[in-house]
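The values are calculated or read from the model by the stated rules, or taken from the named source; none is laboratory data. Please read these numbers as outputs of a predicted model, since none were measured by experiment. Cβ placement follows ideal geometry from the backbone for every residue including glycine, while neighbour counts extend to all protein chains displayed. Please note that ligands, DNA and RNA were not included when accessible areas were found on the heavy atoms of the full protein model with its side chains. Shrake-Rupley method; radii C 1.70, N 1.55, O 1.52, S 1.80 Å.
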2 protein chains.
Amino acid sequence: MDSSADWVSTPPSSRRHFLKTVSRGVGGAALASAAGPLAGQAAGRSRPSVGVALVGLGNYATGQLGPALRETSICELTGIVTGTPAKADTWTQKYDIPESNVYDYETFDQVADNPDIDVIYVVLPNGMHAEYTIRAAEAGKHVICEKPMATSVAECRSMIDACEKNDCKLSLGYRLQFTPHHQRVMKLGQDETFGSVTAMQNGFGFHIPDSATGQPHIQWRLNKEMAGGGALVDVGIYAIQAGRYVTGEEPVAVTAQEYTTRPDIFDEVDETVFFQLEFPGGARMNGSTSYNASFNRLYATTSDGWFELRPAYGYGGLQGRTHRGAMDLSNVNQQAQQMDAFGRCILDDRTSRVAGIEGLRDLQIIEAIYASIAAGGQRVEVPGGA
Amino acid sequence: MDSSADWVSTPPSSRRHFLKTVSRGVGGAALASAAGPLAGQAAGRSRPSVGVALVGLGNYATGQLGPALRETSICELTGIVTGTPAKADTWTQKYDIPESNVYDYETFDQVADNPDIDVIYVVLPNGMHAEYTIRAAEAGKHVICEKPMATSVAECRSMIDACEKNDCKLSLGYRLQFTPHHQRVMKLGQDETFGSVTAMQNGFGFHIPDSATGQPHIQWRLNKEMAGGGALVDVGIYAIQAGRYVTGEEPVAVTAQEYTTRPDIFDEVDETVFFQLEFPGGARMNGSTSYNASFNRLYATTSDGWFELRPAYGYGGLQGRTHRGAMDLSNVNQQAQQMDAFGRCILDDRTSRVAGIEGLRDLQIIEAIYASIAAGGQRVEVPGGA
C-alpha cells in the first residue's frame with residue numbers, strides 16, 4: 001500500500017495538512033501567537049510555514065515564483081519537480097533545497113511521502129495542468145495551478161473533483177487579485193462607488209515576434225494540445241477575470257471575433273481575439289487580446305465616472321486612475337502575496353478566493369468565446385451556474 | 001430666371017467663387033501678398049475672406065462655430081439661417097450680422113443672391129443634411145456639412161453629385177483632422193514610425209442621462225429619421241474616422257454588436273455599439289461607442305510600440321502619448337482651423353481634405369456595421385471603392 005493511498009483514506013485531511021505543516025514548522029501552540037517571533041523550532045523556522053514545491057521550472061517559475069518565494073511570509077520553497085537534471089542542480093543550490101525534495105515526472109507521486117511539501121504549484125504547460133493537479137491531490141497535497149486552469153471545462157471539473165475527494169485545497173495563479181490595484185477596482189465596481197458599471201474595455205496582449213517562436217516558453221503556447229488556445233487563454237483570461245470581479249457578476253452571453261495575420265505561426269491557436277461580454281446587470285465589456293498587439297488596460301465607465309488601471313496586468317508597475325485623479329497605491333510582489341494568501345487559507349482552513357471554481361468559470365466563458373468564433377460571431381450564452 | 005440658375009450656368013464656378021470672394025474682401029492682387037496687412041479695402045477688411053453662413057443655430061453653432069468664427073483668419077461669419085426669430089436677433093447683435101444676411105428655411109434659397117455668403121455651413125439635424133447641402137449647392141454656394149454627412153450612403157452620393165454638378169466645393173465638419181494631435185497620429189500610423197499598426201482600440205461615447213432626453217439637442221438624436229442612428233453615427237463615427245486615417249486604409253469588413261439597456265429611451269436608435277474593423281494591411285480595430293458610457297480614447301499598437309490620444313475626441317484638451325513619452329503638442333481652436341482650411345481650399349481652388357468622399361466612406365462603414373448587427377454579428381464586407 002503506497003502512502004498516497006494512505007493519506008487519501010485518512011479524513012479529515014484538512015486537519016491532517018494543518019498538523020503536517022506545523023509539525024514541520026513550529027509547534028501547534030505557536031500558531032496562536034504566530035505574529036511573535038519564535039526561534040529554534042524543529043526545522044529552525046520561527047513561524048508557521050507552508051512548504052511549496054514548484055512543478056515545472058520554466059520562465060515563470062524561474063523569473064517570478066522562485067524569487068517570490070524569498071519574499072513570502074508564510075510560504076517557502078521546499079521542493080522542485082523537473083525533468084531536467086541541470087535545472088535541479090541550479091535550483092537546489094540557489095534555493096538550498098535538499099536533494100530528497102527533488103522529483104522528476106516519474107517520481108512525482110512520491111511527494112505524498114514528503115512532509116516538507118504541503119503545496120504543489122503546477123507551472124507546467126496548460127495541457128498538463130489537469131493531470132498534475134489531480135496527481136498532486138491524489139498524493140494528498142494542496143494545489144496551486146497556474147492559469148488557465150486547464151484546457152477545457154471538463155478538465156476543470158475533474159480537477160475540482162479530485163481535490164474535493166482528497167480533501168485538498170485548490171487555488172489558481174490569479175496573482176492580480178492580490179494586488180491593491182485590483183482590489184481597489186473590485187471595490188469601486190462592486191460597491192458602485194461611482195455608480196454602476198455601464199461598460200468596460202479590458203485588453204491584455206503582447207507581440208510575439210516571428211523570431212521568438214522557437215523559444216521553449218513560446219513554442220508550447222503555439223501548440224493547441226499543450227496550450228489549449230492562444231492569446232485568449234494565456235492573457236485574455238486576465239481581461240475576462242477583471243470583467244467578472246469588477247462587476248461582481250457572471251457574464252450571461254458572449255460574442256467574439258478571431259483574426260490571424262500570421263497563419264504560418266498561428267495555425268493552431270488564436271493570434272488576436274476581440275470578445276464582448278454581457279453582464280446581467282447591464283454592463284458590457286469589449287475585450288481585446290493578442291499575440292500580435294500590445295494591450296494592457298482595464299477601463300470601467302460608470303454612471304457617474306470611470307476608473308482605470310494602466311498598465312493593468314503586468315507583474316508590477318500597475319497604475320490606477322479614476323475621474324477624480326490618480327490612485328495612491330503601492331505595487332507589491334504579486335506572486336508572494338498570492339502564495340501567502342493561500343498559505344493562510346491552509347493554516348486557517350479556509351477556501352481560496354481564487355479557488356477552482358474561478359478557473360472553471362473563466363473556462364466556461366472561454367469555451368463560449370470560441371463557440372461564438374466558430375459560429376461566425378453569433379451570440380453564445382454562457383452556461384449558468386458552475 | 002433666378003440667380004441661382006444663373007450661377008449654375010456660368011462655369012467654371014470655382015473661378016466664379018474665387019472672384020466673388022475676393023471682390024467682397026480684398027482685391028485679387030492682394031492675394032499674392034496675403035501675408036502682409038492690407039487695410040481700407042472694399043468691405044474694410046485687410047485680408048482675403050470667405051463669408052460663412054450657419055444653417056441651424058443649435059448647441060454646436062452657438063457654443064462652438066459662432067465663437068470659432070471669431071478666431072478664424074480667413075473665414076468670417078456673414079450670415080445665418082434660422083427658423084427662430086429670437087435667435088436671429090441674438091445672433092445679429094452678437095456677431096454684427098446685417099438683417100439682409102438673415103434667412104429662414106423658407107427664404108433659404110435666396111442666399112444664391114447674396115455675395116457676402118460664400119459657404120453654407122449645414123449644422124442641422126442629420127436627417128436634414130442632404131436636403132440643405134443640395135439646396136446650398138443649387139444656390140451656387142460651397143458647403144460645409146456637419147458629421148455624419150447624411151443618414152445613408154445614397155444621400156451622400158446625391159450630395160456629392162449636387163456639389164459637383166454646381167461646381168461647389170463640399171467639406172465636412174471633421175474638426176479633429178485639423179488638430180496637431182490627430183495629424184500626429186496620422187503621421188505615426190501612415191509613416192509606420194513605430195512599425196505598422198497591428199491593432200487599435202478607438203472609443204468615443206458619453207452618457208445621456210434619462211433626464212436629458214427632453215432637451216432639444218438630445219431629442220432629435222433619439223429620433224431615427226432625424227438622426228439616422230444613435231451613438232454610432234453621432235460619436236462612433238470619430239472612432240471610425242480615426243481608424244481610417246491612422247492606417248491610411250479603408251476597412252474591408254466589419255462585425256458589430258448592439259446593446260440596449262434603456263429600451264424606453266433607445267427604442268429607435270442605438271445606445272451602445274461595439275464594432276470591429278478589418279483593414280487590408282492586417283490592422284484590426286476594436287471600436288466602442290455609446291450614449292450610456294464614457295469613452296474617449298484613440299489607441300494604436302504597432303509592431304514596435306504604441307501611440308495614444310486621450311482624451312482623443314473632445315473640442316479641446318487633447319493629450320497624446322507614445323511608448324516613448326508624452327506628445328508635446330498644443331491644442332487649437334479645432335473649428336477655426338477646420339473652417340480656415342476650407343477657406344484656403346476655396347481661395348486656392350483645392351479639394352478639401354475632408355471632402356464628401358470622406359463622409360460617404362464613413363457611411364459605407366456605418367451601414368456595414370448596422371448590417372452586421374442585423375445579421376447577428378456576422379462579418380459584413382464594406383463595399384470597395386466609393
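Values computed for the structure shown
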quantity: DSSP-defined beta bridges in chain B - what % are antiparallel, rounded to 5; calculated: 55 percent
quantity: Positive-end residue, the protein assembly as shown charge dipole about Cα centroid, Cβ charges, pick of B:Ala86, A:Trp220, A:Gly376; calculated: B:Ala86
quantity: Cβ-derived FRET efficiency at R0 41 Å, A:Ser100 paired with B:Ser196, nearest 0.05; calculated: 0.15
quantity: Rounded to 10°, Cα long-axis angle of helix A:153-165 versus longest principal axis of chain A; calculated: 30 degrees
quantity: Most mobile listed residue (A:Ile357, A:Ile366, A:Ile237) in chain A, GNM with C-alpha springs under 10 Å; calculated: A:Ile357
quantity: B:Asp161-B:Asp267 pseudo-label distance in nm [points 7 Å out on the Cα-to-Cβ vector]; calculated: 3.6 nm
quantity: Nearest beta-carbon to the B/A symmetry axis - residue in chain B, distance in Å; calculated: B:Gly377, 2
quantity: Debye log10 I(q)/I(0) for region A:113-189, one point scatterer per Cα, at q = 0.23, 0.25 Å⁻¹; calculated: -0.95, -1.04
quantity: With every protein chain in place, the protein assembly as shown: carbon and sulfur % of accessible area (1.4 Å); calculated: 49 percent
quantity: Hull-based mean projected area of the protein assembly as shown, where the convex hull spans the alpha carbons, in square nanometres; calculated: 37.3 nm²
quantity: Chain A - percent relative contact order, Cα under 8 Å, separation 6 or more; calculated: 17 percent
quantity: Shielding of A:255-265 by partner chains, average beta-carbon count, 10 Å; calculated: 3
quantity: Where A meets B: accessible area buried, both sides, 1.4 Å probe, Å²; calculated: 2700 Å²
quantity: Under Karplus coefficients 6.51, -1.76 and 1.60, residue-wise ³J(HN,Hα) of region B:306-318 in Hz, glycine/proline x; calculated: 7, 8, 8, 10, 6, x, 10, 10, x, 6, x, x, 4
quantity: Computed P(r) (all Cα pairs; region B:159-217; 10 Å bins; percent); calculated: 15, 24, 25, 29, 7
quantity: Rg [Å, one decimal], Dmax [Å, integer] - region A:307-386, C-alpha atoms; calculated: 17.7, 48
quantity: Degrees separating the helix B:334-348 axis from the principal Cα axis of chain B, which is the longest one; calculated: 50 degrees
quantity: Degrees separating the helix A:356-374 axis from the principal Cα axis of chain A, which is the longest one; calculated: 30 degrees
quantity: Percent of Cα pairs exceeding the 21 Å cut-off, where the set is region B:236-386; calculated: 54 percent
quantity: Translational diffusion coefficient (Stokes-Einstein; Kirkwood radius from C-alpha pairs) of region A:169-283 at 25 °C, 0.890 mPa s, in µm²/s; calculated: 155 µm²/s
quantity: Those residues of region B:192-210 for which accessible area with every protein chain present is at least 20 Å² below the isolated value (1.4 Å probe); calculated: B:Thr198, B:Ala199, B:Gln201, B:His207
quantity: Amide H within-cut-off set for B:Thr272, under 5 Å, with H built and near neighbours excluded; calculated: B:Tyr259, B:Tyr291
quantity: Entries in B:Lys147/B:Lys169; A:Lys147/A:Lys224; B:Lys94/B:Lys147; A:Lys87/A:Lys141; B:Lys141/B:Lys169; A:Lys141/A:Lys169 that, when Cα-Cα distance is taken, lie over 20 Å; calculated: B:Lys94/B:Lys147; A:Lys87/A:Lys141
quantity: Residue with peak Gaussian network fluctuation, chain A [Cα springs, cutoff 10 Å], from A:Gln219, A:Gln337, A:Gln241; calculated: A:Gln219
quantity: Loop GluC sites (Glu not before Pro), region A:240-334, which have at most 15 other Cβ atoms in a 10 Å radius of their Cβ (DSSP); calculated: A:Glu268
quantity: Positions from region A:272-301 whose accessible area shrinks by 50 Å² or more when the full protein complex is built, not the chain alone, probe 1.4 Å; calculated: A:Phe274, A:Arg284, A:Asn286, A:Ser294, A:Phe295, A:Arg297
quantity: For the protein assembly as shown, accessible area per residue (1.4 Å probe, heavy atoms of protein chains only), Å²; calculated: 37 Å²
quantity: Nearest-0.05 FRET efficiency for B:Val252 and B:Gln110, computed from C-beta distance (R0 51 Å); calculated: 0.65
quantity: ³J(HN,Hα), Karplus 6.51/-1.76/1.60, whole Hz, each residue of region B:207-223, x for Gly, Pro; calculated: 8, 9, x, 3, 5, 8, 5, x, 5, x, 6, 9, 3, 5, 5, 9, 9
quantity: Qualifying GluC sites (Glu not before Pro) for region B:92-156 [loop in DSSP, other Cβ within 10 Å: at most 12]; calculated: B:Glu106
quantity: Residue-wise HN-Hα coupling along region A:190-195, computed from phi with Karplus coefficients 6.51, -1.76, 1.60 (Hz; x: Gly, Pro); calculated: 6, 7, 6, 4, 10, x
quantity: Farthest toward positive dipole pole in region A:215-349 [+1 Lys/Arg, -1 Asp/Glu at C-beta], among A:Ile240, A:Leu277, A:Asn296; calculated: A:Asn296
quantity: Within chain B, helix-based [θ] at 222 nm, where runs of 4 or more DSSP H residues each add -39,500 (n - 2.57), nearest 500; calculated: -9000 deg cm²/dmol
quantity: DSSP loop trypsin sites (Lys or Arg not before Pro) with at most 15 other Cβ within 10 Å: longest gap in chain A; calculated: A:71-323
quantity: Unit charges on C-beta of K, R, D, E only; dipole of the protein assembly as shown, Debye; calculated: 1900 debye
quantity: Copies compared at B:Leu329 - label distances in nm, ascending, label defined 7 Å from Cα in the Cβ direction; calculated: 3.0
quantity: Computed P(r) (all Cα pairs; chain A; 10 Å bins; percent); calculated: 5, 23, 32, 25, 13, 3, 0
quantity: Overall form of region B:98-237 per C-alpha gyration tensor (a/c, 1.5; a/b vs b/c); calculated: oblate
quantity: Extension reserve of the A:Ala86-A:Lys187 stretch, reckoned as 0.36 nm per residue once the Cα distance is removed; calculated: 31.8 nm
